[in-house]
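Heads up: the structure comes next, in structure tokens.
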Amino acid sequence: MLNALAHFERAKPHLSGDVEARAQALQQAELLGLPTRRVEAWHYTDLPRLLNRASSPSGALTGNDFSALKPHYLVFENGQLSTDAAQLSAEFVAPEADLSADAMTLYNHALAENGVTLNFDNSPETIVVIETKGSETQHFMHRVKLGAGVKATVVDDHAALGYSNVIWHVELAADAQLTLVHIQQSGQYVGHCTANLAANAQFKQMTLLTGGDVARHATHVKLQQAGAKADLHSAILGRAVSHNDVTYTIEHQAADTHSHTTSHQALADAARGVFQGKVIVQRDAQRVDAQMQARAMMLSSEAEINAKPELEIYADDVACAHGTAIGEIDADALFFLRARGIDEASARQLLITGFVEQLLTHCDDKALADVLRRHIEQKISALTLTKLEADHAV
Amino acid sequence: MSALLEISNLQAGIGDKAILKGLDLTIQAGEVHAIMGPNGSGKSTLSYVLSGKDGYDITGGSMQFDGHDLADLQAEERAIAGLFLAFQYPLEIPGVTNMTFLKTALNAVRRGRGEDEMDAASFLRLAREKSRALGMDDDMLKRQLNVGFSGGEKKRNEILQMAMLEPKLAILDETDSGLDIDALKIVAEGVNAQRSPERGMLVITHYQRLLDFIKPDVVHVMANGRIVRSGGPELALELEKSGYADYRGNEAAHA
């Protein structure tokens, strides 16, 4: 569990920006405290309790090989950049403390000692992989700003073991396109991403959670001008006692904006899944198309899913829909595969893989899809299905 | 010579409900048998009990298939032994491509039969050859298994699976359902291409129409969980004229 004051004292000599303001942010954060279930947005993710419990082993880490994407690599280990950010002019810019922010943002404003600042004005399409490792507490502030018509892909490859508080700020000018991928396979990650989109900008976020002890990935998208589009997709393979929370707020602030949100959560052992999705359509935002679909596949009787989709619509000419489906492995599908000679354990594995890999149907980049597929398949083959079989026999 | 499939006095049901009530059926290698019968006579139950679907209780009789007692085998072991069920309603499996599914199935069956697994290149060649023979687009191999397939595409895909797995006995459960006449012809041609002296087929259908295209050697009428009459292809034509009224009466009398 993080002791924020001690951490601040230790980090103080290295902190950039207005350190006095940061100290105030910390004071305010400590006053508010880590969010508990009494805070509505955290109702299913009681952070103090989750961070205080004994952490469960993450299992073997899977190395993701992105070389086929020919990316720029930035590697953080225990908060320190171990590669050169100058290649991208991506040097960290310290946050300005906002004392009116929520506790998690305040902690980040106080303690963020690193992060990347990607400012692409009219660069050719760029692919950046940010790898995070180490076992100490880490606070990051990442910024991604794309100029008009610029395309980029950023991958957040998280394989750190400790607690991380991560903030993402995304600004997309007209016609810009950003694909932001989060892969979390370990540790305790509490992330908040805000994305502001101008006319016809496209923000695609793909979140893959395969083994973190605590995973909280909150995203707040503002579609500010006509034609802006958000594609928000997540897939979760929950095992052991992992806690996996994907929380979306999508604000349609302008007419003719679109959003598409899907979540596929496969939950084994005593894993918990949380899906919160809130679509807000403002009064003058006509002809909005907002689709939201959350699915959960329960692989054990001890697994738990909390799904809360919400629509708040103030315009009248809109097409909005949300749906939630929770089930087990389909017995008829299982029989179909077995009737083709595939043994029961392999058939289950194939069905779970297919379920989780529906994330990839939203990935246009084949090389990236291949990396994600290999990651998913390695994690699924490591999943012990003995528990399932025992359940099945009962 | 021993029969490929020999079912004697088979009794099966779900819970307390008896569905198959003493069914006898013998199929020799190389023969095509058709089972016709009214809805609710137990035709689909027979196909599921033979292929090993969970949830059915076998309460009496026996099923011998090519030297195996089927009751001893799991569904996947029956497939490896050479039994194939073409589903009436093939399942849609999102996220699993047709290609991955076919390769997993083929290699599972090959392993089970003591053969080497097929490498990726040979598999691809074989899958393309077999699917083209069925008039299927290469694209169908890349798509997610049966997801968004038309009724005809799903049934063609079933016949493709049969062609890949090379079973000794193929059970076609209402393969004609949901097909227009053109799709029916394509599927029937695919089935006919796989008729051989070593292979038996059991064609389950409600309508005579399918049997215009897949000519059976023997036609059986099933009613109330039993084979009540057997004959040559002319029996199907007779049923087409007279309908199942006689057999329904029979069923009602038993009810």
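The values are calculated or read from the model by the stated rules, or taken from the named source; none is laboratory data. All values derive from a computational prediction rather than experimental measurement. Ideal geometry is used to build each Cβ from the backbone, glycine not excepted, and the neighbour counts take in all protein chains shown. We work out accessible area using only protein heavy atoms, side chains counted, and drop any ligands, DNA or RNA first. Shrake-Rupley method; radii C 1.70, N 1.55, O 1.52, S 1.80 Å.
Return the residues of the stretch A:324-339 that are at the interface with chain B (Cβ under 8 Å from one of its Cβ atoms) and surrounded by fewer than 17 Cβ atoms within 10 Å (Cβ to Cβ); say none if nothing qualifies.
Taking the stretch A:324-339 first, the residues at the interface with chain B (Cβ under 8 Å from one of its Cβ atoms) are A:330-333, A:335-339.
The answer is A:ASP330, A:ALA331, A:ASP332.
Answer with yes or no whether B:GLY61 is open to solvent by less than 60 Å² (accessible area, probe 1.4 Å) and in contact with a strand residue (DSSP E or B) (Cβ under 9 Å, 6 or more places away or on another chain). It would help to see each step written out before you state the result.
Details: open to solvent by less than 60 Å² (accessible area, probe 1.4 Å): yes; in contact with a strand residue (DSSP E or B) (Cβ under 9 Å, 6 or more places away or on another chain): yes.
The answer is yes for B:GLY61.
Between a residue in the stretch B:102-120 that is more than 18 Å from B:GLN74 (Cβ to Cβ) and any residue that is of a type in the set (Lys, Arg) and surrounded by fewer than 16 Cβ atoms within 10 Å (Cβ to Cβ), which pairs come within a Cβ distance under 9 Å, given they are 6 or more apart or on different chains?
Final answer for the pair search is B:GLU117/B:ARG111.
Looking only at the stretch B:145-187, filter to residues that are more than 14 Å from every other protein chain (Cβ to nearest Cβ) and among the β-branched types (Val, Ile, Thr); which one of those is farthest from B:GLY82 (Cα to Cα)?
Ranking the qualifying residues of the stretch B:145-187, first place goes to B:ILE181.
Answer yes if at least one residue in the stretch A:5-15 is free of Cβ contacts under 8 Å to residues at least 12 places away in the same chain, open to solvent by 30 Å² or more (accessible area, probe 1.4 Å) and closer than 25 Å to A:ALA215 by Cα, and no otherwise. Don't jump to the end; show me each part of the working.
Within the stretch A:5-15, the subset free of Cβ contacts under 8 Å to residues at least 12 places away in the same chain is A:6, A:9-10, A:12-13.
Right, trim to open to solvent by 30 Å² or more (accessible area, probe 1.4 Å) and you get A:6, A:9-10, A:12-13.
When the remaining residues are screened for being closer than 25 Å to A:ALA215 by Cα, the result is A:6.
Yes.
Okay, residues lined up against (1) in contact with a Phe, Trp or Tyr (Cβ under 6 Å, 6 or more places away or on another chain); (2) surrounded by 17 or more Cβ atoms within 10 Å (Cβ to Cβ); (3) within 12 Å of chain A (Cβ to nearest Cβ):
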{"site": "B:LEU50", "(1), (2), (3)": "no, yes, yes"}
{"site": "B:ARG78", "(1), (2), (3)": "no, yes, yes"}
{"site": "B:ALA108", "(1), (2), (3)": "no, yes, yes"}
{"site": "B:ARG111", "(1), (2), (3)": "no, no, yes"}
{"site": "B:GLU129", "(1), (2), (3)": "no, no, no"}
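Give the residues of the stretch A:285-302 that are touching a residue at least 60 places away in the same chain (Cβ under 8 Å), away from chain B (no Cβ under 14 Å) and not small (Gly, Ala, Ser), sorted by residue number.
Correct list: A:LEU299 only.
If you go through the stretch A:192-211 one residue at a time, how many are open to solvent by 10 Å² or more (accessible area, probe 1.4 Å) and closer than 20 Å to A:ASP245 by Cα? Talk me through it step by step, then tell me what you get.
Kept after step one, since they are open to solvent by 10 Å² or more (accessible area, probe 1.4 Å), are these residues of the stretch A:192-211: A:192, A:194, A:196, A:198-200, A:202, A:204.
Still in the running and closer than 20 Å to A:ASP245 by Cα: A:192, A:194, A:204.
Within the stretch A:192-211, residues that are open to solvent by 10 Å² or more (accessible area, probe 1.4 Å) and closer than 20 Å to A:ASP245 by Cα number 3.
Output the residue which, of all residues in the stretch A:41-57 that are over 16 Å from A:VAL190 (Cα atoms) and not hydrophobic (A, V, I, L, M, F, W, C), is least open to solvent (accessible area, probe 1.4 Å). Lay out the reasoning, then the answer.
Step one: of the stretch A:41-57, the residues over 16 Å from A:VAL190 (Cα atoms) are A:54, A:56-57.
Filter once more, so that each one left must be not hydrophobic (A, V, I, L, M, F, W, C): A:56-57.
Details: A:SER56: 25, A:PRO57: 104 Å².
Restricting to residues being over 16 Å from A:VAL190 (Cα atoms) and not hydrophobic (A, V, I, L, M, F, W, C), the top hit is A:SER56.
Suppose we keep only residues that are within 7 Å of chain A (Cβ to nearest Cβ) and open to solvent by 40 Å² or more (accessible area, probe 1.4 Å) within the stretch B:81-106. Which one would you say is nearest to B:GLY152 (Cα to Cα)?
B:PRO94
I'd like the full set of residues that are in a loop (DSSP other than H, G, I, E, B) and either open to solvent by less than 20 Å² (accessible area, probe 1.4 Å) or touching a His at 6+ places or on another chain (Cβ under 6 Å) (or both), limited to the stretch A:289-323.
Within the stretch A:289-323, the subset in a loop (DSSP other than H, G, I, E, B) is A:299-303, A:314-317.
Residues satisfying the conditions are A:LEU299, A:SER300, A:ALA303, A:ALA315.
Out of all the residues in the stretch B:133-141, is one or more within 14 Å of chain A (Cβ to nearest Cβ) and within 19 Å of the chain's Cα centre (by Cα)? Write out each step before concluding.
Keep residues of the stretch B:133-141 that are within 14 Å of chain A (Cβ to nearest Cβ), which gives none.
No, that holds for no residue.
Working only within the stretch A:303-323, note down all residues that are under 20 Å from A:ALA270 (Cα atoms) and either within 13 Å of chain B (Cβ to nearest Cβ) or at pLDDT below 95 (or both).
Result: no residue meets the conditions.
Restricting attention to the stretch B:1-42, which residues are out of contact with any Ser or Thr (no Cβ under 8 Å at 6 or more places or on another chain), open to solvent by 40 Å² or more (accessible area, probe 1.4 Å) and not aliphatic (A, V, I, L, M)?
Answer for the stretch B:1-42, where residues must be out of contact with any Ser or Thr (no Cβ under 8 Å at 6 or more places or on another chain), open to solvent by 40 Å² or more (accessible area, probe 1.4 Å) and not aliphatic (A, V, I, L, M): B:SER2, B:GLY15, B:ASP16, B:LYS17, B:LYS21, B:THR26, B:GLN28, B:GLU31, B:ASN39, B:GLY40.
Condition test on B:MET201, is it crowded, with 19+ Cβ neighbours inside 10 Å, more than 30 Å from B:ALA18 (Cβ to Cβ) and in contact with a strand residue (DSSP E or B) (Cβ under 9 Å, 6 or more places away or on another chain)?
On the way: crowded, with 19+ Cβ neighbours inside 10 Å: yes; more than 30 Å from B:ALA18 (Cβ to Cβ): no; in contact with a strand residue (DSSP E or B) (Cβ under 9 Å, 6 or more places away or on another chain): yes.
So B:MET201 does not fit the description; no.
Residues of the stretch A:102-129 being of a type outside the set (A, V, I, L, M) and buried (at least 19 other Cβ atoms within 10 Å of the Cβ), which ones? Break it down into steps so the answer makes sense when it comes.
Residues of the stretch A:102-129 of a type outside the set (A, V, I, L, M): A:102, A:105, A:107-109, A:113-115, A:117, A:119-126.
Listed by number, the residues that qualify are A:THR105, A:TYR107, A:ASN108, A:HIS109, A:GLU113, A:ASN114, A:GLY115, A:PHE120.
Taking the condition among the aliphatic types (A, V, I, L, M), under 23 Å from A:ARG374 (Cβ atoms) and open to solvent by less than 20 Å² (accessible area, probe 1.4 Å), does A:LEU69 pass? Outline the logic, then answer.
Details: among the aliphatic types (A, V, I, L, M): yes; under 23 Å from A:ARG374 (Cβ atoms): yes; open to solvent by less than 20 Å² (accessible area, probe 1.4 Å): yes.
In short, yes.
To keep it simple, each residue is scored yes or no on (1) surrounded by 19 or more Cβ atoms within 10 Å (Cβ to Cβ); (2) of a type in the set (D, E, K, R); (3) at pLDDT 95 or above.
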| site | (1), (2), (3) |
| --- | --- |
| A:GLU131 | yes, yes, yes |
| A:VAL144 | yes, no, yes |
| A:THR153 | yes, no, yes |
| A:ASP156 | yes, yes, yes |
| A:TRP168 | yes, no, yes |
| A:GLU171 | no, yes, yes |
| A:ALA176 | yes, no, yes |
| A:LEU180 | yes, no, yes |
| A:ILE183 | yes, no, yes |
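Across the stretch A:228-269, what is the number of residues that are among the hydrophobic types (A, V, I, L, M, F, W, C), assigned to a loop (DSSP other than H, G, I, E, B) and open to solvent by less than 10 Å² (accessible area, probe 1.4 Å)?
Here the count works out to 2.
Taking the criterion of being of a type in the set (A, V, I, L, M), in contact (Cβ under 8 Å) with a residue 24 or more places away in the chain, out of contact with any strand residue (DSSP E or B) (no Cβ under 8 Å at 6 or more places or on another chain) and surrounded by fewer than 23 Cβ atoms within 10 Å (Cβ to Cβ), would at least one residue in the stretch B:204-214 satisfy it?
Applying the first criterion (of a type in the set (A, V, I, L, M)) to the stretch B:204-214 yields B:204, B:210-211, B:214.
Now drop any that are not in contact (Cβ under 8 Å) with a residue 24 or more places away in the chain, which leaves B:204, B:210-211, B:214.
This time we only want the ones that are out of contact with any strand residue (DSSP E or B) (no Cβ under 8 Å at 6 or more places or on another chain), so: none.
Checking the stretch B:204-214: not a single residue is of a type in the set (A, V, I, L, M), in contact (Cβ under 8 Å) with a residue 24 or more places away in the chain, out of contact with any strand residue (DSSP E or B) (no Cβ under 8 Å at 6 or more places or on another chain) and surrounded by fewer than 23 Cβ atoms within 10 Å (Cβ to Cβ).
Looking at A:LEU372, A:LEU351, A:LEU368 in this structure, which one is at the interface with another protein chain (Cβ under 8 Å from one of its Cβ atoms), aliphatic (A, V, I, L, M) and in a helix (DSSP H, G or I)? Break it down stepwise before answering.
On the way: A:LEU372 fails: at the interface with another protein chain (Cβ under 8 Å from one of its Cβ atoms); A:LEU368 fails: at the interface with another protein chain (Cβ under 8 Å from one of its Cβ atoms).
Unique residue meeting the criteria: A:LEU351.
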